[in-house]
Amino acid sequence: MTNFTSARLLRAADMLVRSQFAIRAGESVLITADTSTESALLDVVSQSIVRAGARPVIAVCPKLPYQGGLSDPYVSDTLKAAATASDVWFDFCFPYHAGSALHQAAMEGKRCRYALLATSSAASFERLYGGVDYDALIDFNLAFMEFVKEAAGEDARFTCPLGSDVRFKLDQLKLVRPKVRSMPGMETVPGTQSLYPVMSSVKGRIVIQALFDEEYRRLRVPIGIHVDGQIKELEGGGADDRISFERALKRASGEGGFGYFVHFTYGFHPGARLSGDQFIEDIRIPGSNAIGMGLPWWEKGGGENHPDGVVFDQTLWIGAERVAEGGRFIGPERLRALHSAMVRRLD
């Protein structure tokens, strides 16, 4: 049987390799994958790297049991050497290496451009990078990021149809996305913007419908989370989900309790579709909100285990501006034309 590669998947690989990372001839590119990563995805990305004149190496390792620093005992010295000696590192592993000692060493080496891709599915990758007018997506992403950056110090609020209602004060941005990642540093898949709260200011109730603690899945029963600065109480959820979630929160808090909320997000990718098993895509569907918990990765001891819950169809206010209603983007007015220019591509 002949295997065909779609035009969208080919375009997706080129958008990552050429448009987002501007890979140049002669560069060394590391691709990390685990045993769940589809070979079609690795093939198409490595072929795009070769067409750019660069030199790819694919490292396929057993699936990590944890993300971040908790994965350190499971990472080989061979992979550590490869990451620090690479110009570009595409990390398709899920759980991912970001936040680990390996990732930290690569970033401190000031050579590597790292992409947290964390995607195992070729179809999901195709939608995220090939199923959209990529230039329009980046233009809106950067403009919305600037809007959020300017709103630091403002009050924010989000709700959802299942009963979420949370207020917080916006803190400064922690990661600033460039149009092209041509210099060393960390990058993520476009299509979402993080909202960093002043952690002590977060108050209310959040109802999550999907969860990434030790694995990612849709929840059989939503979990309610009560917060007043720190996470105070959990409610609902299936027994199995509550057990692993509580275990992850206590591990991530660093102090035995449930810890804090360290980020919220707003997803706006027009090509993303709810998968139920691809975390990176699901938190980019329009109106989604990835709720990061534990200790922040930018503080000592943080980022070792970073549970994320997902809220869908959020209504979001930043300052006096209602940004989204039921997930649908409605403002600010100066960004509406850029938002409208983002087009889902099916060709």
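Observations on the model:
- If you take the alpha carbon atoms of region 192-239 and fit the smallest convex hull around them, that volume is 102 Å³ per residue.
- Residue 265 contributes an accessible area of around 10 Å² to the protein surface, as traced by a 1.4 Å probe with all chains present.
- Cross-link table 174/203; 179/203; 63/149; 63/169; 174/250; 149/232, entries beyond 26 Å C-alpha to C-alpha: 179/203; 63/149; 63/169; 149/232
- Projected-area average for region 8-80 over all orientations - Cα convex hull basis, square nanometres: 5.4
- For region 132-184 versus region 240-254, the gap between their alpha-carbon centres in whole angstrom: 27
- Simple Cβ-charge dipole of region 46-127, Lys/Arg +1 and Asp/Glu -1, about Cα centre, in debye nearest 20: 220
- Residues 80, 179 ordered from highest to lowest accessible area at a 1.4 Å probe: 179, 80.
- Residue-normalised accessible area of the chain, expressed per residue, 1.4 Å probe, Å²: 40
- Equivalent ellipsoid, region 95-183 (semi-axes from 5 times Cα gyration tensor eigenvalues, Å): 27, 20, 17
- Exposure check, 1.4 Å probe, all protein chains in place: residue 253 carries approximately 0 Å² of accessible surface.
- Only the Cβ atoms of Lys and Arg (+1) and of Asp and Glu (-1) were treated as charged; on that basis the dipole of region 1-139 about its Cα centre amounts to roughly 220 debye.
- With all protein chains modelled, accessible area of residue 72 [1.4 Å, Å²]: 50
- With the simple spin-label model, which puts each label point 7 Å out from Cα in the Cβ direction, the residue 255 to residue 340 separation comes to 4.9 nm.
- By accessible area, using a 1.4 Å probe on protein heavy atoms only, the chain has 51% of its surface on carbon and sulfur.
- Per-residue [θ]222 nm for the chain (sum of -39500 (n - 2.57) over DSSP H runs n ≥ 4, rounded to 500): -7000 deg cm²/dmol
- Dipole size of the chain about its Cα centre, with +1 on Lys/Arg Cβ and -1 on Asp/Glu Cβ: approximately 560 debye, rounded to the nearest 20.
- At q = 0.07, 0.10, 0.11 Å⁻¹ the log10 of I(q)/I(0) for the chain amounts to -0.27, -0.57, -0.70, computed by Debye summation with a single uniform scatterer per C-alpha, solvent ignored.
- 10 Å binning of all Cα-Cα separations within region 202-347, expressed as whole percents from 0 upward: 11, 38, 33, 15, 3, 0
The values are calculated or read from the model by the stated rules, or taken from the named source; none is laboratory data. Computed from a predicted structure; not experimentally measured. No Cβ is skipped: glycine too gets one built from the backbone with ideal geometry, and neighbour counts run over all protein chains shown. Keep in mind that these areas ignore ligands, DNA and RNA; they rest on the heavy atoms of the full protein, side chains included. Shrake-Rupley method; radii C 1.70, N 1.55, O 1.52, S 1.80 Å.
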